[in-house]
Amino acid sequence: MLTKIREKAQGAFAWGILIIICVPFALWGIQNYLDTGEEAPVASVGDKDFFQRDVNRAYEQYSQNLQGMTIDEQSLKAQALEKLIKDEVLLQYVRAKGLVTTDDTAREFIQSLPYFQVDGKFDEKRYKTMLNLQKISSMEFVNRIKNALIMEQFQRSIIDSSFATKYDVESFFKIQNQQRDVNYITVAVQKLAEQPSDQEIEAYYQRHQDLYQIPEQVSVEYIELSLEDMAKTIAVTDDKLKAFYEEQKDQYTTAERRKISHILFAINDKTDEKTALEKALKAKKELANKDFTALAAEVSDDKLTAKIGGDLGLFNAGTMEKPFEDAASALKLGEVSNPVKSAFGYHLIKVTELVPGEVKPFDAVKNEVTKAYQKAQAENAFYEAGETLTEMSYEHPDNLKTVADALGVTIKKSNLFTKDKGDGIADNEKIRNAAFTEEVLHGNNSTPIELGTDRLIVLRLLEHKAAAARELKDVKQDIVAVLQADKAKQLAVEKAKQIKAKLQAGESIQAVAAENKLQVKTVSGLTRSKDDVPLPLSEAIFKAAKPVGDKPTIFIAELPAGEQVVVNLSKVKEGVMTEDDKKQLDLATKNIAKAFGQTEFNALINSLQADADISMKAPK
């Protein structure tokens, strides 16, 4: 099951596992279970209550996963709450069904996560440090993982058991490869010079003041821990650096590059050892007057490499038998060995390329060694300082001075910035998202924000400016442009409707196009995979109803820039399975079955949710 989870981390609860574990880890602390006080829950599933802070944390995770996209906060918070409820409904159901997973399975899964690994291996110290930062015990974290795994296990039991019949697959390709013939006319949006009246501008401004606002702004003060900055404070001496250099010498060593070729004289049922050796010795003598590459092509029993002159490529120690490796390692460039015996027979070996290995001297890499040494020495102090920062900023949520004094760091300040844009530290989207959380806007320190693996930030609100309406005189030209664009689009819509009406009345598309000085475009055999027409138009064409009898389907589609396209759909041809489709038949069958399974799973979750004891109110 763990292998399937890792291979197919696309399910509803793979996201749940990742949101608990991975990015950002700081969102999921024990605070979910503490200090509820008199706060009323925003939702309940049976005996499980969810509070506004739970929704806020889930919302923060959603928003970070959607970085760079325009997000409606209220809509996203509603989605986050819905996700929390669905997960809890399923968790309670699988527990009631007795599904379990072991502590060992959960620990194995945790150890496989890159988040807790250093150089590809699970790092116990990093794991404990991360848990300490969140004030969560290993037992609690393992329990959360176990919950996520049994939900994933249940989901997979449904999705992986689903199947698709031959009829299902054939039906899919009939639709997927369907062909449609269309003619269409595009009505462009013309740029208007006519100016709207002052009354129209004023009316639009009053109706849409929310569009013309100075965005909400904040500035923050913050403490930053940087491994790079801490490393610079580590004192160094030549003795310490030289000792570190010796320990890490492999990092400053360029391995020898040795390329070899061989001629093999095999020992087998037809050729005994003595005969093979005699052949090898004879060939060695022939090399005095013959090229190694040519001789390999003629006499080598390794027919695969014989075609390329016996070339074995780069020599890597540990891949061949010891006698062969010893001989290959001892040869000089261009030198050919005496016969060397292996389990396959006798070999003549030649070094065709040799670039000696090199160890960069200490003096040449001293600066590099210094930085590496300082970073290595500072890592423990960095993690310890991170724990102190997390603990004290949580224990003293109303100020940063206490923790700044304890760590001996300076409290820094930012300029004002919005949720979408900032400079300096606020150039980072994680910082902006944290600054606009309910927690920070209400005057508390933020949770620790990880910027990579070597920077940790805690911030608090310094100044908050609410959104404010811009004056009409400052936005008048913007409103004029919008009104002109709206009117131009409306004219295009009206013309498209007139054209559609004439086509429906039986006039030919060519005649109507000529009357309006427009061009008719024709596409025959259009399929979903072709890019003969813009994607929005293609989608509209394949959503349109099929023609009935000889009567075409006529409709209007809108393109992203506002153009109106009047389409005459004249013919629909049922799709057939192509030769390429047949080659991918197994994959298509699996994917269709998976889609069926996901639909079945979603239906089950909706059914469980409908039957569950749920009470809720809209999140703030």
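The values are calculated or read from the model by the stated rules, or taken from the named source; none is laboratory data. Remember, predicted model here, so these are calculated numbers, not experimental data. Here the Cβ is made from the backbone with ideal geometry for all residues, glycine too, and neighbour counts use every protein chain on show.
Each residue in the stretch 185-212 was checked for being farther than 23 Å from residue 492 by Cβ and either in contact (Cβ under 8 Å) with a residue 24 or more places away in the chain or assigned to a loop (DSSP other than H, G, I, E, B) (or both), and 4 pass.
Among the residues of the stretch 255-268, none qualifies, meaning not one is in a helix (DSSP H, G or I) and either without any contact (Cβ under 8 Å) to a residue 12 or more places away in the chain or not assigned by TED's automatic domain parsing to the domain that holds residue 476 (or both). Checked against the criterion of being closer than 22 Å to residue 608 by Cα, surrounded by 15 or more Cβ atoms within 10 Å (Cβ to Cβ) and modelled with pLDDT of 75 or more, the candidates 100, 89 yield just one match: 89. The residues listed here are 174, 146; of these, the one that is in contact (Cβ under 8 Å) with a residue 40 or more places away in the chain and in contact with a Ser or Thr (Cβ under 6 Å, 6 or more places away or on another chain) is 146.
Screening residue 130 on (1) under 25 Å from residue 605 (Cα atoms); (2) buried (at least 19 other Cβ atoms within 10 Å of the Cβ) shows it passes everything except condition (1).
State the number of residues belonging to the stretch 408-427 that are buried (at least 16 other Cβ atoms within 10 Å of the Cβ) and within 18 Å of residue 225 (Cα to Cα). Steps first, answer last, please.
Taking the stretch 408-427 first, the residues buried (at least 16 other Cβ atoms within 10 Å of the Cβ) are 409, 411-412, 414, 417-419, 422, 425-426.
Now drop any that are not within 18 Å of residue 225 (Cα to Cα), which leaves 409, 411-412, 414, 425-426.
Count: 6.
Restricting attention to the stretch 499-514, the residues that are surrounded by fewer than 14 Cβ atoms within 10 Å (Cβ to Cβ) and in a helix (DSSP H, G or I) total 5. Taken as a whole, the structure places residue 388 among residues that are part of a helix (DSSP H, G or I), among the β-branched types (Val, Ile, Thr), surrounded by fewer than 20 Cβ atoms within 10 Å (Cβ to Cβ) and free of Cβ contacts under 8 Å to residues at least 24 places away in the same chain. Here residue 543 clears all of (1) over 24 Å from residue 180 (Cβ atoms); (2) exposed (fewer than 13 other Cβ atoms within 10 Å of the Cβ) except the condition numbered (1). Residues considered: 492, 496, 557. Of these, the only one that is in contact with a Pro (Cβ under 8 Å, 6 or more places away or on another chain), buried (at least 17 other Cβ atoms within 10 Å of the Cβ) and either assigned to a strand (DSSP E or B) or assigned by TED's automatic domain parsing to the domain that holds residue 188 (or both) is 557.
The set of residues in the stretch 540-554 that are within 31 Å of the chain's Cα centre (by Cα) and either in a loop (DSSP other than H, G, I, E, B) or aliphatic (A, V, I, L, M) (or both) contains only 540. Counting the residues of the stretch 229-264 that are in contact with a Leu (Cβ under 8 Å, 6 or more places away or on another chain) and modelled with pLDDT of 85 or more gives 6. Looking across 483, 472, 503, one residue alone is in contact with a helix residue (DSSP H, G or I) (Cβ under 8 Å, 6 or more places away or on another chain) and over 19 Å from residue 563 (Cα atoms). It is 472. Scanning the stretch 296-354 for residues that are of a type in the set (A, V, I, L, M), buried (at least 16 other Cβ atoms within 10 Å of the Cβ) and in a helix (DSSP H, G or I) yields a total of 6.
None of 518, 569, 503 is in the same structural domain as residue 485 (by TED's automatic domain parsing), in contact with an Asp or Glu (Cβ under 9 Å, 6 or more places away or on another chain) and either modelled with pLDDT under 95 or not polar (S, T, N, Q) (or both) except 569. Going by the conditions given, is residue 254 loosely packed, with under 14 Cβ neighbours inside 10 Å and farther than 30 Å from residue 424 by Cβ? In short, yes. Scanning the stretch 169-180 for residues that are surrounded by fewer than 18 Cβ atoms within 10 Å (Cβ to Cβ) and not in a helix (DSSP H, G or I) returns 177, 178, 179.
Every condition in (1) without any contact (Cβ under 8 Å) to a residue 12 or more places away in the chain; (2) outside the structural domain of residue 430 (by TED's automatic domain parsing) holds for residue 182 except the one numbered (1).
Examine the stretch 425-440 for a residue that is at positive phi, assigned to a loop (DSSP other than H, G, I, E, B) and in the same structural domain as residue 220 (by TED's automatic domain parsing), and state whether such a residue exists. Give the derivation first.
Of all residues in the stretch 425-440, those at positive phi come to none.
No, every residue in the stretch 425-440 fails to be at positive phi, assigned to a loop (DSSP other than H, G, I, E, B) and in the same structural domain as residue 220 (by TED's automatic domain parsing).
Results for (1) assigned to a helix (DSSP H, G or I); (2) exposed (fewer than 13 other Cβ atoms within 10 Å of the Cβ), shown as yes or no for each residue.
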{"site": "530", "(1), (2)": "no, yes"}
{"site": "538", "(1), (2)": "yes, no"}
{"site": "565", "(1), (2)": "no, no"}
{"site": "569", "(1), (2)": "no, no"}
{"site": "577", "(1), (2)": "no, no"}
{"site": "589", "(1), (2)": "yes, no"}
{"site": "594", "(1), (2)": "yes, no"}
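Can you tell me which residue is surrounded by the most Cβ atoms within 10 Å (Cβ to Cβ) among those in the stretch 368-385 that are of a type in the set (Asp, Glu) and touching a residue at least 24 places away in the same chain (Cβ under 8 Å)? Restricting to residues being of a type in the set (Asp, Glu) and touching a residue at least 24 places away in the same chain (Cβ under 8 Å), the top hit is 379.
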